Amino acid sequence: MEKKVDRRVIKTRKQLKKGLAALMKEKSVNQITVKELVEEVDINRSTFYLHFKDIQDLLREIEENMEAQIKRAIEEHPIVSGNENAFYFIEDMFRVLDEEREISKALIGPNGDMGFIHRIERIIKENSRGTLEKMFSGKKEDLKYFYAFCLSGCLGLVKVWLNEGEEKSPEEMAQMTFNMIANAKDAFCQTASDFLDK
């Protein structure tokens, strides 16, 4: 009997998450009401309040779950210089986004939550800073530019993939992203004259 209740709870929460993603295509999460959401997914308001206090509570749970999955990917594939872990971490990131495609699209879309994006960026920075500072010990003061370039580029890739690139698998996207970051890292170590002399 308990298993049936658990499945019902999981199903309801999935419905609410899917409904929130659909509404966020049209408006900011701050403009979405509980009434609109329960009408979108065809459940009672009382059912919603059995699970969440308000829309922000639902959003917080969604974001915390995704952040936990990303942290777990980092723990399983720590970003260390000279190994392939960075690739597998990136691949795991794309798998998480693919499994939660609609809500991921909503979170980083025009009506999404910039705070969530900044937290993900901070998690990645905190877990890669030590390695990169060792790799670029002579350019520590310039690392902020490298981060800005790579993080902005990766976010752009993710947005295009979520919205237009469903034909590409998480593995293919991870390989493309890894190659671009590796090329950026090599370029970061060179000077403009190095390129002009080629």
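Worth pointing out:
- From the options Leu59, Leu20, Leu37, Leu16, residue that is assigned to a helix (DSSP H, G or I) and closer than 20 Å to Leu155 by Cβ: Leu59
- The single condition from (1) surrounded by fewer than 11 Cβ atoms within 10 Å (Cβ to Cβ); (2) of a type in the set (Gly, Ala, Ser); (3) farther than 30 Å from Gln31 by Cα that Gly156 fails is (3).
- Looking at Gly153, Gly115, just one residue is under 30 Å from Leu16 (Cα atoms), without any contact (Cβ under 8 Å) to a residue 60 or more places away in the chain and in a helix (DSSP H, G or I), and that residue is Gly115.
- Qualifying residue in the stretch 79-87 (condition: part of a helix (DSSP H, G or I) and either surrounded by fewer than 16 Cβ atoms within 10 Å (Cβ to Cβ) or aliphatic (A, V, I, L, M) (or both)): yes
- Only one entry of Arg95, Arg72 meets the criterion of being loosely packed, with under 13 Cβ neighbours inside 10 Å and assigned to a helix (DSSP H, G or I), and that entry is Arg72.
- Complete set of residues in the stretch 118-134 that are in contact (Cβ under 8 Å) with a residue 12 or more places away in the chain and either charged (D, E, K, R) or surrounded by 16 or more Cβ atoms within 10 Å (Cβ to Cβ) (or both): Arg119, Ile120, Glu121, Ile124, Lys125, Asn127, Ser128, Arg129, Thr131, Leu132, Lys134
- Selection within the stretch 159-192 - under 13 Å from Asp98 (Cα atoms), of a type in the set (S, T, N, Q) and loosely packed, with under 11 Cβ neighbours inside 10 Å: none
- Residue count, the stretch 131-158 (criterion: more than 30 Å from Glu100 (Cα to Cα) and among the hydrophobic types (A, V, I, L, M, F, W, C)): 3
- The set of residues from the stretch 112-149 being among the hydrophobic types (A, V, I, L, M, F, W, C) and under 14 Å from the mean Cα position of the chain (by Cα) comprises Met114, Phe116, Ile117, Ile120, Ile123, Ile124.
- From the options Ala174, Ala182, Ala148, Ala187, residue that is part of a helix (DSSP H, G or I), touching a residue at least 12 places away in the same chain (Cβ under 8 Å) and small (Gly, Ala, Ser): Ala174
- Hey, Thr33 modelled with pLDDT under 95, β-branched (Val, Ile, Thr) and surrounded by 11 or more Cβ atoms within 10 Å (Cβ to Cβ) or not: no
Table: residues versus (1) closer than 25 Å to Lys185 by Cα; (2) modelled with pLDDT under 95.
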residue	(1), (2)
Phe48	no, no
Gln69	no, yes
Ile74	yes, yes
Asn85	yes, yes
Asp92	yes, yes
Lys105	no, yes
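The values are calculated or read from the model by the stated rules, or taken from the named source; none is laboratory data. If you're wondering where the values come from, they're calculated on a predicted model, not measured in any experiment. Cβ coordinates were reconstructed from backbone atoms using ideal geometry, including for glycine residues, and neighbour counts include every protein chain displayed.
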